[in-house]
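Engineer: Here it is, the structure, as structure tokens.
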Amino acid sequence: MRKLSSQIIVVIFIGFIIIPIVFLAIWSLSTRWPWPLLYPESITIKWWNQVLFESKGFYLGLKNTLIIGISTAIVGVGLSIPIGKYLVQKKSYIKSILEGVFFLPIILSPLTITLGLYQTFSKWNLTGSMIGVIIAHLIPCLPYGIRIMKISFEHFNEKYLEQGKMLKASKRQRQIYIIFPFLRPGIIAAFHLMLLISMSQYILTIFIGSGKIQTLASQMYPYLNGGNMSIGGVYSLLFALIAILMLLIVEYILKKYLDRPVKSKSNLK
Amino acid sequence: MSKIKENKMTYIGTIFMIVLILSGIVKGFMESLKRGGWNNYRNLFRGQEFYDSLFLSLKLGIITTVLVGLLSLLLIYFLYMISNKYPIKRVRILKNIIISPILFPYIVAAFCMGMLLMQSGILGRIAYRLGIISQMSEFPQLVNDKYGIGIVIGYLWKTIPFMILMLYPVLEKVKDKWYDLGNIYNATEKQFFFYVVFPMMKNAIMTGLFIVFAYSFSAFELPYFLGQTYPKTLSVYSYLRYAKGPFEERGEALAANFILTLIVIMIGTVACYFYNKLKQREG
Amino acid sequence: MKKKKVLIGIIALVAMISFSACQSKSVKEEVERLDLSTATWEEIENQANGKDVAMYMWGGSEVVNHYMDDYVLPEVKDKYNINLKRIPITDISDTINQILAEKEIQKENGSADILWINGENFKNAKENKLLWGNIVDKLPNYENYFDKTASSNTLDFGLETEGYEAPWGQAQFVFTYNTKYITNPPKSIEELEAFVKENPGKFTYPAPPDFTGSAFVRTVIYETTGGYEDYLIDLTREEFESKIEAAWDYLKRIKPYLWREGITYPESSGKLDQMYANEEVWMTLSYNPLHSAAMIKSGQFPDTTKTFVLDSGSLTNTHFLSIPYNSKEREGALVVINFLMSPQAQIRKMDPNHWGDQMVLDPSKISDEDHKIYENLDLGQSTLSLDVLKEHSIPEMKGRYIQYVENKWTDNIVKD
């Protein structure tokens, strides 16, 4: 009985989650869908055709989104690991404040930060450039990355390291064989999340990018904001598909790369 | 050697973040004082609109957070129950389906909720087809309504997956390490959840809920598309004032924005304080 | 202890660097600039050869984007070897903001070369000295094909353009309705009032400051206070306030018969269009008489859609192209703008198959073959004839009145 009720509830939740997505898919394929029809008047692929084959905007946006997203994620992970580790070591008053500051971008509205940033970036000639956008994207991304790596480090047991020390493994060996494999899930998660957050940025991109840098998000918004909504639907789905694809690719690469050392012969076994 | 490199990276990263974040906030504050100075704030506080907007933002933020808290706990509980009966791989697939809304930006959520919940939307049409209503206007107002129902549903669609994203890893980790221990003590599934799993999640829950609150309080897209003309939430109010208002009134818009920022920071500090106190008590 | 010292040292260093960056950079790039006040058009075209020009324009319309991407961009590349970039934006006021920020830090190389602009945005830009200056006098097509005396070309919402912006197309406010539900559309604002009373909940307008919503309110103002002439002159705030009382009264009267009883309004005309397509309301509003034809073609509006204007006239305004003061490709911008004002580009733009935006050229000045093409354009069955539109066109009121109206609408109508 309990089994059934818990299953039903989960199904309801799943339905709630999935229905809007299914709906997006139908909308992206429909011509007209007036009241009171439960399905569109007719199905067409013309919108998909338009976006994927007839206009060049999509591919430009895709290219930029990926370059910016992946760069942001890589730099983000690179910075999150040492900062996360640092925050886990002996706590001090300053550290708590630092943690707070790192946390701020998550909770602040983009408009506040963006405006101030624009002036600073302009002076340093960063506006309208990919690098500027990447740096700007780091702001909403790093807090999540740092948080994830911090939690990873919190769960890390020093005892493993000590074992390595006892077995006379060098610092580098300890890093590669003990620490990184342990951090791997955290790194993957941090990379995932930061990539996604970067992809979803809108106001930050159009402001700091001065409109020159077009990402999928900046192209998608005008359509969903009162433009052609079928095309907006197409973009939304493509956005999600690309996000998934990127996550899978990244996971595959990272797993392969971080797994390698453990598989090779190690004198720790 | 690598320790110094590590520290360098930390310092660079830290300073970099601090400079960017703080300069953004400080500049935001300075801009709010341009063109009008402190009058911007004075006018803001004198008008009724500011308070109505603030109240709406708080209301939506609190309701969303409470609902998200309850519902995501419910969901993670049932996920836990399921994970005891089914292989973990399947549960992971289930979890991945549940967190899929994270892949879509908020504007997509606004669009979907609108098209589903409008009186002429899909749900309305289903009700019409089933004979529950005989005309469009009989369908309840779920979007652009007084209570912000559509807005909250939209938030739920995005934030419950986010909470599950944060809580699920704890679930797997706990099961990994502690399940056998629980078995030794002959704990029932329910007991195990409440006495072991849930406490371990407290950290993630509180962090997650705080993020949810901060977001639903200060977000823009959902209230803009699914809200009413008046009152607007503080974020929508300040954005519209800024983007579509006359140049001269920009200062007031930025002031509203800054107040929003301040409130979030204040609540954050308070939350942090209580959180640390709790942690201390638990030792 | 040592670590802390190092940390503080680095922070101080960075702080110093950021402070020094605050000093305005006086980097002057030596760019070969023609003296454009004396250059011939040929020289301008030559200088523009091979350059990248960035045009900032609203990106939410697929048809507009197609017109640009599939016709304009290849043509200017072909004809003039200019790499035109279309920069889609949601709101040109964001770009104005950006240029304002650029001006404040004295940035000489701006990102935008051409702006698609009019109305309050143009006024803001011009008043804040963000625009380059008179450009129309340099454009051959303006000389050849335009009625330079027409106020639609020289007045932008009551403000003299002084040639700072070049006319690109025309907008005219029309009501769109669904003949499935309405057989006799209202001809005056009084008839509209009767209509909403008979059909409660089936009409609404976007909340100002949405421009289309604001246009509806202004239409109400014209209709309830005796016409547009009074709003072309200068009025004091009190005079204006008392004049439009009748309009506020009207809007309050019809409020309970609107969609959602007038408690809330769609936030944009896009949302209103969506509601219209869903048949939640029976009318929508647009500044483009050919918009509904384009929407029918793309399958978003039902083909029972038609448009109408009120007997006493419909607001007409021009939209323009302008060049920011710090554009680095002015020659390129001029050449592109000139092309956009050519008869071929204008007629193609007017064709609803390609965009459906009215021409700003003087039909009497274009060549005979072009004229024939122009006459034979199929504007779509929902569009009113050009003659009807022309007969009913009335000018917009001064920009600052509009801002006032948009500001006060919420207070007067919604906050009850």
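Engineer: How many residues, within region B:221-246, are in contact (Cβ under 8 Å) with a residue 24 or more places away in the chain, of a type in the set (Phe, Trp, Tyr) and either outside any helix (DSSP H, G or I) or within 7 Å of another protein chain (Cβ to nearest Cβ) (or both)?
Structural biologist: 3
Engineer: For region C:78-183, list the strands (runs of 3 or more DSSP E) that sit wholly inside it and hold at least 2 residues that are without any contact (Cβ under 8 Å) to a residue 40 or more places away in the chain and touching a helix residue (DSSP H, G or I) at 6+ places or on another chain (Cβ under 7 Å); which are they?
Structural biologist: Output list reads C:83-89.
Engineer: On to the next question. May I ask you to list the residues in region C:47-67 that are assigned to a helix (DSSP H, G or I) and either surrounded by 20 or more Cβ atoms within 10 Å (Cβ to Cβ) or not assigned by TED's automatic domain parsing to the domain that holds C:Trp116 (or both)?
Structural biologist: Listed by number, the residues that qualify are C:Gln47, C:Ala48, C:Glu62, C:Val63, C:Val64, C:Asn65, C:Tyr67.
Engineer: Still on this structure, I have one more. Would you confirm whether or not region C:324-343 contains a residue that is surrounded by fewer than 22 Cβ atoms within 10 Å (Cβ to Cβ) and within 14 Å of another protein chain (Cβ to nearest Cβ)?
Structural biologist: Yes: one or more hits.
Engineer: Starting from residues that are over 22 Å from C:Gln403 (Cβ atoms) and at the interface with chain A (Cβ under 7 Å from one of its Cβ atoms), keep the ones in region C:84-110 and report whichever is modelled with the highest pLDDT.
Structural biologist: Filtering region C:84-110 for residues that are over 22 Å from C:Gln403 (Cβ atoms) and at the interface with chain A (Cβ under 7 Å from one of its Cβ atoms), the one modelled with the highest pLDDT comes out as C:Ile87.
This table checks each residue for (1) over 24 Å from B:Ala109 (Cα atoms); (2) in contact with a Leu (Cβ under 6 Å, 6 or more places away or on another chain); (3) within 14 Å of chain B (Cβ to nearest Cβ).
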| site | (1), (2), (3) |
| --- | --- |
| A:Leu4 | yes, no, yes |
| A:Trp33 | no, no, yes |
| A:Lys46 | no, no, no |
| A:Ile74 | yes, no, yes |
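Engineer: Scan (1) hydrophobic (A, V, I, L, M, F, W, C); (2) at pLDDT below 80; (3) buried (at least 16 other Cβ atoms within 10 Å of the Cβ) for the single condition B:Met1 breaks and write down its number.
Structural biologist: Looking at each condition in turn, B:Met1 falls short on (3).
Engineer: Also: For B:Leu116, indicate whether it is touching a Pro at 6+ places or on another chain (Cβ under 8 Å), within 14 Å of chain C (Cβ to nearest Cβ) and either part of a helix (DSSP H, G or I) or touching a residue at least 12 places away in the same chain (Cβ under 8 Å) (or both).
Structural biologist: yes
Engineer: Collect the residues in region B:29-44 that are assigned to a helix (DSSP H, G or I) and either of a type in the set (A, V, I, L, M) or touching a helix residue (DSSP H, G or I) at 6+ places or on another chain (Cβ under 7 Å) (or both), keeping them in residue-number order.
Structural biologist: B:Phe29, B:Met30, B:Glu31, B:Ser32, B:Leu33, B:Asn40, B:Tyr41, B:Asn43, B:Leu44
Engineer: Of the conditions (1) away from chain A (no Cβ under 12 Å); (2) more than 16 Å from B:Gly227 (Cβ to Cβ), C:Trp259 satisfies every one except a single condition; which number is it?
Structural biologist: (2)
Engineer: Moving on to the next point. State whether the residues of region A:93-109 include one that is modelled with pLDDT of 80 or more, assigned by TED's automatic domain parsing to the domain that holds A:Ile135 and more than 24 Å from A:Ser200 (Cα to Cα).
Structural biologist: No, that holds for no residue.
Engineer: Given the conditions (1) more than 8 Å from every other protein chain (Cβ to nearest Cβ); (2) at pLDDT 90 or above, report the number of the one that B:Arg92 does not fulfil.
Structural biologist: Only one criterion is unmet by B:Arg92, namely (2).
Engineer: Still on this structure, I have one more. Run C:Gln403 past the list (1) assigned to a helix (DSSP H, G or I); (2) farther than 30 Å from C:Ala112 by Cβ and report the number of the one that doesn't hold.
Structural biologist: (2)
Engineer: Let me ask something else about it. Looking at C:Trp259, is it under 22 Å from C:Tyr401 (Cβ atoms), surrounded by 20 or more Cβ atoms within 10 Å (Cβ to Cβ) and hydrophobic (A, V, I, L, M, F, W, C)?
Structural biologist: no
Engineer: Right, here's the next one. All but one of (1) out of contact with any Gly (no Cβ under 7 Å at 6 or more places or on another chain); (2) at pLDDT 80 or above; (3) surrounded by fewer than 22 Cβ atoms within 10 Å (Cβ to Cβ) hold for B:Asn186; which doesn't?
Structural biologist: Condition not satisfied by B:Asn186: (2).
Engineer: Give region C:276-300 a look and list any residue that's in contact with a Pro (Cβ under 6 Å, 6 or more places away or on another chain), within 14 Å of chain A (Cβ to nearest Cβ) and of a type outside the set (Asp, Glu), or say none.
Structural biologist: Passing the criteria: only C:Ala294.
Engineer: Looking only at region A:60-90, how many residues end up being out of contact with any Lys or Arg (no Cβ under 9 Å at 6 or more places or on another chain), surrounded by 22 or more Cβ atoms within 10 Å (Cβ to Cβ) and hydroxyl-bearing (Ser, Thr, Tyr)?
Structural biologist: The number of residues fulfilling the criteria is 2.
Engineer: State which residue is nearest to the other protein chains (Cβ to nearest Cβ) when the search covers only region B:119-141 and only residues that are within 26 Å of C:Lys415 (Cα to Cα) and surrounded by fewer than 22 Cβ atoms within 10 Å (Cβ to Cβ).
Structural biologist: B:Ser137
Engineer: For residues that are in contact with a Gly (Cβ under 7 Å, 6 or more places away or on another chain) and at positive phi, scanning just region A:201-243, find the one that is farthest from the other protein chains (Cβ to nearest Cβ).
Structural biologist: A:Ser210
Engineer: Taking interchain pairs and intrachain pairs at least six residues apart, which have beta carbon atoms under 8 angstrom, with the first residue in region A:63-78 and touching a residue at least 12 places away in the same chain (Cβ under 8 Å) and the second not in a helix (DSSP H, G or I)?
Structural biologist: Matching pairs, first to second residue: A:Asn64/A:Ile213; A:Asn64/A:Gln214; A:Asn64/A:Thr215; A:Thr65/A:Thr215; A:Ile68/A:Ile213; A:Ile68/A:Thr215.
Engineer: Residues that are closer than 30 Å to C:Val220 by Cβ, out of contact with any His (no Cβ under 8 Å at 6 or more places or on another chain) and assigned to a helix (DSSP H, G or I): does region C:374-387 have at least one?
Structural biologist: Taking every residue of region C:374-387 in turn, at least one turns out to be closer than 30 Å to C:Val220 by Cβ, out of contact with any His (no Cβ under 8 Å at 6 or more places or on another chain) and assigned to a helix (DSSP H, G or I).
Engineer: Same structure again: Would you check which residues across region A:6-31 are over 25 Å from B:Arg92 (Cβ atoms) and either among the β-branched types (Val, Ile, Thr) or more than 10 Å from chain B (Cβ to nearest Cβ) (or both) and list them?
Structural biologist: A:Ile26, A:Ser28, A:Leu29, A:Ser30, A:Thr31
Engineer: Among the numbered conditions (1) touching a residue at least 60 places away in the same chain (Cβ under 8 Å); (2) in the same structural domain as A:Thr205 (by TED's automatic domain parsing), tell me where A:Ser28 comes up short.
Structural biologist: (2)
Engineer: Now, a different point. Yes or no: region B:31-40 includes at least one residue that is away from chain A (no Cβ under 14 Å), touching a Ser or Thr at 6+ places or on another chain (Cβ under 8 Å) and in contact (Cβ under 8 Å) with a residue 60 or more places away in the chain.
Structural biologist: Within region B:31-40 (the criterion being away from chain A (no Cβ under 14 Å), touching a Ser or Thr at 6+ places or on another chain (Cβ under 8 Å) and in contact (Cβ under 8 Å) with a residue 60 or more places away in the chain), the answer is yes, since at least one residue qualifies.
Engineer: Which pairs turn up if I take residues in region C:49-77 that are at the interface with another protein chain (Cβ under 8 Å from one of its Cβ atoms) and at pLDDT 95 or above and look for partners that are assigned to a loop (DSSP other than H, G, I, E, B) and surrounded by 22 or more Cβ atoms within 10 Å (Cβ to Cβ) with beta carbon separation below 9 Å, at least 6 apart in sequence or on another chain?
Structural biologist: none
Engineer: So for region A:169-184 (the condition being modelled with pLDDT of 75 or more, within 19 Å of the chain's Cα centre (by Cα) and either assigned to a helix (DSSP H, G or I) or more than 17 Å from A:Ile81 (Cα to Cα) (or both)), does at least one residue qualify?
Structural biologist: Scanning region A:169-184, I find at least one residue that is modelled with pLDDT of 75 or more, within 19 Å of the chain's Cα centre (by Cα) and either assigned to a helix (DSSP H, G or I) or more than 17 Å from A:Ile81 (Cα to Cα) (or both), so the answer is yes.
The values are calculated or read from the model by the stated rules, or taken from the named source; none is laboratory data. This structure is a prediction, so every number in the text was calculated from the model and none was measured. Heads up, the Cβs are rebuilt from the backbone with ideal geometry, glycines too, and the neighbour counts pull from every protein chain shown.
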